[in-house]
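Working notes for the structure below.
Rule-based calculations on the coordinates, nothing more; no lab input. Fair warning: this is a prediction, and the values are worked out from it, not measured in the lab. In this analysis, Cβ positions are derived from the backbone assuming ideal geometry, glycine residues included, and neighbour counts consider all displayed protein chains.
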Amino acid sequence: MTATVPIRLTVNGRLRALPVAAHHTLLDVLRDDLGLTGTKECCLVGECGACTVLLNGRSVDSCLVLAAEADGGTVLTVEGLAAGGRLSALQQAFLDTGAAQCGFCIPGQLVAAHALLAITPHPVRAEVEEGLAGNLCRCAGYEQIIEAVLRAAAGQAAEGGAGRRAHARPDPAATPDAEVAPQ
């Protein structure tokens, strides 16, 4: 018999309380217990980013987080990006640019991009590449994905004014080389 642990967490704005197997990951709970299948299961070792969610505002690979570790936390999944059944500007930009090719990596890409734009509302290309570096695209749609993030950021700038950058631009030497490892 598998031991269970009671947890409480807020997922996409909704408080959830449920018993989970002590060895289950946050990914297991989201997909199997809560039916939120937008978060994808792929490598299970934190290499691909398909299972990216925000946990307490921080981008994490949900395959590496035990569900019990998320107890008391707040989780945002790709399903939570669409408020009131309407696509977010970021989701719409992914559609408009053709960034959603096969769609498998897109939920993780969207959540990572959402996290990036929350910290850096008006990123330059290098910042988008760095912000999405942990998310792999098997269809190699990186150009469309980057364009979508930049388009969403430009739309935010048009809606909210130029505003100030949340932080300084990264050191170019710290930015992954797109020729060697496409982002």
Between ILE7 and residues 5 or more places away or on another chain, which pairs have amide H atoms under 5 Å apart, with H built 1.01 Å from N, and which residues are they?
-> LEU18, VAL20
Note to self: C-alpha centroids of the range 1-28 and the range 73-148 sit apart, in Å, by 26
Output ³J(HN,Hα) for the range 124-135: one whole-Hz value per residue in order, computed from phi by the Karplus curve 6.51 cos²θ - 1.76 cosθ + 1.60 with θ = phi - 60°, and x for Gly and Pro.
-> 8, 3, 4, 5, 5, 4, 5, x, 9, 4, x, 10
Given H placed 1.01 Å from N in the peptide plane, which residues other than close sequence neighbours of THR25 have an amide H under 5 Å from its amide H?
-> ALA67
If you average the sequence gap of Cα pairs under 8 Å that are 6 or more apart and divide by the length of the range 1-155, what percent do you get for the contact order?
-> 23
How about the range 41-71: which GluC sites (Glu not before Pro) there lie in a loop by DSSP and see at most 15 other Cβ atoms within 10 Å?
-> GLU47
Around CYS63, with a cut-off of 14 angstrom between Cβ atoms, what is the net charge of the other residues, counting Lys and Arg +1 and Asp and Glu -1?
-> -4
